[in-house]
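> My structure is below; once you've seen it, I'll send some questions.
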Amino acid sequence: MDFEVRALTIDEVRPAGAVAARALRDNRMMSYSVPDDPLGRLKAGYDTFLERVPVGSVGALVGPHVIGVAAAVLPGACIGATAAAELREPPDIDPADAVGFDRTRHVISVMCQHDPDERHVHVGPVGVEPGSQGLGVGGAMLAAVGERLDRDGEVGWLETDKPENVAFYRRHRFDVAVEDRRLGFPIWFMRRAPA
C-alpha cells in the first residue's frame, strides 16, 4: 500500500483524532476507563484525542485520507504539565472499585505521576486505522518522529499498555523507564534519548 508520511495540517487533525480513537478503542487504559461500552470508549477516545493531536503531528495518508497518527506534544504542553490539580492525584477509592469518571481520574493520575521532570516531547496518541495495521504505517510514522526528536535534540516520552507495543517502540530507540501495575494491568512508560 502506498502512503505518505508528513506533518498534519489543521484540516487533518480531526480525522487523525478519529483514527486514534478507533485504533486505541480496546486498549487496556481505554477499556479500564470506559468498561463494557465500546461505543462509549470510541466517543471518549475521540473527545480526548482531538485535544492531544496538535497541528504538525506526524500523520500517514493515502491520498487525502488520514490512516495513521503519531502525535507529538511540545515540551510543557502534555497532560502531565497541564492536567488540573484535582486530576493529578488518584481518587480516594481503590482502582478495582472505581466507577465512572473515577476510573479516568486513576488513569490520568498515573500518567501525571510518571511524567518526567526533564524537558520532553510527549509522543502519543500513536495509532493506525485498524484495517491498515501491520503494513508498516506505524513504523514509518515513528521513524519520522524519531528524526524530529534527534534534529531538535529532544527527549521523547510515551506510555503504552500493550506488551507488543513495547517491542515496537524499542525498535525506535524508546526504553522502558517505568512499569506501573496499580490499575490491575501494566502500563509501560518509555523514554527515548536524542541521538
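Where a number appears in this text, it was derived from the coordinates with a stated rule and is not lab data. Keep in mind it's a predicted model, so treat the numbers as computed, not measured. Positions of Cβ are backbone-derived with ideal geometry, glycine not excepted, and every protein chain shown enters the neighbour counts.
> Counting only helical runs of four or more DSSP H residues, what would the 222 nm mean residue ellipticity of the chain come to if each run contributes -39,500 (n - 2.57) and the total is spread over all its residues?
After summing the helix terms and dividing by residue count, I get -11500 deg cm²/dmol.
> FRET efficiency for residue 62 and residue 143, Cβ-Cβ distance as r, R0 = 22 Å, nearest 0.05?
About 0.80, to the nearest 0.05.
> Can you give the direction-averaged projected area of the convex hull of the alpha-carbon atoms in region 83-195, in nm²? Can you show the working numbers first?
Values: hull surface 32.0 nm².
In nm², the orientation-averaged hull projection of region 83-195 is 8.0.
> Using a 10 angstrom cutoff on alpha carbons, build the Gaussian network for the chain and name the most mobile of 49, 101, 174.
The residue that fluctuates most here is 101.
> What is the sum of charges, Lys and Arg at +1 and Asp and Glu at -1, for the other residues whose Cβ falls under 12 Å from the Cβ of residue 135?
-2
> Can you tell me which of 82, 104, 48 moves the most in a GNM of the chain? Springs connect C-alpha atoms under 10 Å apart.
Fluctuation is largest for 82.
> Okay, next question. With a point put 7 Å past each Cα toward its Cβ, work out how far residue 43 is from residue 86 in nm, to one decimal.
It works out to 2.1 nm between the two label points.
> Now a separate question. Tell me the Rg and the Dmax, in Å, that the Cα atoms of region 4-192 produce.
15.6, 48
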